[in-house]
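One structure is given here, and the rest of the page talks about it.
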Amino acid sequence: MTTPSQNETKSRQNMLGRLGIAVTCGIVPIWLLVGTYFKLADLSPANLPVVLVKGLGAVGLDLNFVLRFAISIELVVVGIIWILPPLARLVSGVLLASFLPIVVGDMMLGAASCGCFGPVQMPPIVTLIVDGVLLAGVIWLGTYAPSLHLKPELKLGRTLAAGVWVLMSFAIGFGIDAFGTRPGEEIIGDGVIAVESAALPAEGYYLPDYSSWEGRKWSELELDSWVIGSPEDLESGRQYVLLYRVDCEHCHELMEIYFVGPLDHPVTAIAVPERAGFPSEGVLPMACEECRQAELPAGVDWFFNTPVLVLLEDGVVQCAAEESVENPTCFSW
């Protein structure tokens, strides 16, 4: 015969078990699916976590592959949670735990968004708190749910279904294009799609390696072939090239300090758009009236942390760097 205290303990354990199932098999997969939807809708490597872009991009890994692989893995985890509950705590816990160092890295790098929801801005600190709470719920509350405990054997039918789901997840992750137009395309009316005439990077994004620019002629860089409106005399004497964004406060502050009034040397200001084009809100007035203006085409993820300043001597890159307003390195070269 059970005592009232034992009944109370059992009732509490049952309640915690139900909460564990709700967190592990409900909230976590929904959280993952929402992020997956927005990433699939956009499919822009620019919305990957900054720490992944800097780390994996620097070693030459295709960021499109990284994005699609991440989407596929999240879909795999969602399917396993629902199809094989005994593995739900394991796969969801591993995935959530893997998110934490990435989010912390983004916070250390000063990222404005974690990239978890594609183009939807989500501060890394918010993601860190949510992922941490969910991970704690999966680990702690899940212990009270017998259906979520690992078992020595898994049902054959469910295991086969999970295998099929894994294949489907990778087919979705690597097979679906972004919803709407593709990079370089624009709907101009009646469903007609116009393609940008300017050449675009084949990968759909451009990740600069400034150290590889130095000592080379500007005209030999791939970037120069994509610039629209580039002047023809960049190989004459000392000149500056400034890559900026029209809504970048630091860019305009740098121009107001160093590029106002008569210029000692010619400056070409190249406007860098977002993939969807130039923003219509938050646009700042052009501070450098003497600058010659050019632009890069839309339809590409340009990984420039603007402002970027390039010093040319007779067309050869002497210095190229993402600058700070306080101490621009290419001015003190």
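All of the numbers you see were taken from the coordinates with simple rules; none came from a lab. Source: prediction; values computed, not measured. Neighbour counts are summed over all protein chains in view; Cβ atoms, including those assigned to glycine, are modelled from backbone coordinates with ideal geometry.
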Electrostatic dipole magnitude of the stretch 205-322 [Cβ: Lys, Arg +1; Asp, Glu -1; Cα centre; debye, to 20]: 120
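I need the peptides 155-162, 96-103 ranked by packing, meaning the mean over residues of other C-beta atoms within 10 angstrom, with the highest value on top. Intermediate values should be presented prior to the final figure.
Working: 155-162: 12.6, 96-103: 17.4.
Most protected by this proxy first, the peptides run 96-103, 155-162.
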Cα radius of gyration and Dmax for the chain (Å): 25.6, 96
Rounded D (µm²/s) - the stretch 4-175, Kirkwood Rh over Cα pairs, Stokes-Einstein at 20 °C, 1.002 mPa s: 125
With Cα atoms, 0 to 90° folded angle of helix 124-140 axis to the chain main axis: 20
Whole-angstrom gap from the stretch 242-257 to the stretch 1-80, using each part's C-alpha centre: 38
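Quick one: dipole size for the chain, taken about the Cα centre, charges +1 on Lys/Arg Cβ and -1 on Asp/Glu Cβ, in debye to the nearest 20. Can you show the working numbers first?
On the way: 17 positive and 37 negative charges, 600 e Å.
It works out to roughly 2880 debye.
So if I take the alpha carbon set of the stretch 205-322, get Rg, then get Rh from the Kirkwood formula, what is the Rg over Rh ratio? Walk me through the numbers before you get to the answer.
Working: Rg = 13.4 Å, Rh = 14.4 Å.
Value, to two decimals: 0.93.
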On Cα atoms only, tilt of 249-258 relative to the major axis of the chain in degrees: 20
Residue (of Ala136, Leu40, Asn305) at the positive-pole extreme of the chain, dipole from beta-carbon charges: Ala136
Simple spin-label estimate for Gln13 and Phe65 in nanometres, 7 Å along Cα-Cβ: 4.9
Crossing angle, helix 88-108 versus the chain [Cα axis fit, 0-90 degrees, rounded to tens]: 30
Ranked by how many other beta carbons lie within 10 Å on average, peptides 165-175, 82-92, 25-35 from highest: 82-92, 25-35, 165-175
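Just to be sure I follow: if Rg is taken over the C-alpha atoms of the stretch 246-311 and Rh is the Kirkwood radius over the same atoms, what is Rg/Rh? Display every interim value, and only then the final one.
Working: Rg = 12.0 Å, Rh = 12.6 Å.
Using Cα coordinates only, the ratio equals 0.95.
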Fully extended contour minus Cα-Cα distance, from Glu326 to Ala202, at 0.36 nm per residue: 41.1 nm
Calculated [θ] (222 nm, deg cm²/dmol) that DSSP helices of n ≥ 4 give over the chain, each run adding -39,500 (n - 2.57): -13500 deg cm²/dmol
Per-residue ³J(HN,Hα) for the stretch 235-242, Karplus 6.51 cos²θ - 1.76 cosθ + 1.60, θ = phi - 60°, Hz, x for Gly and Pro: 9, 10, x, 8, 8, 10, 10, 10
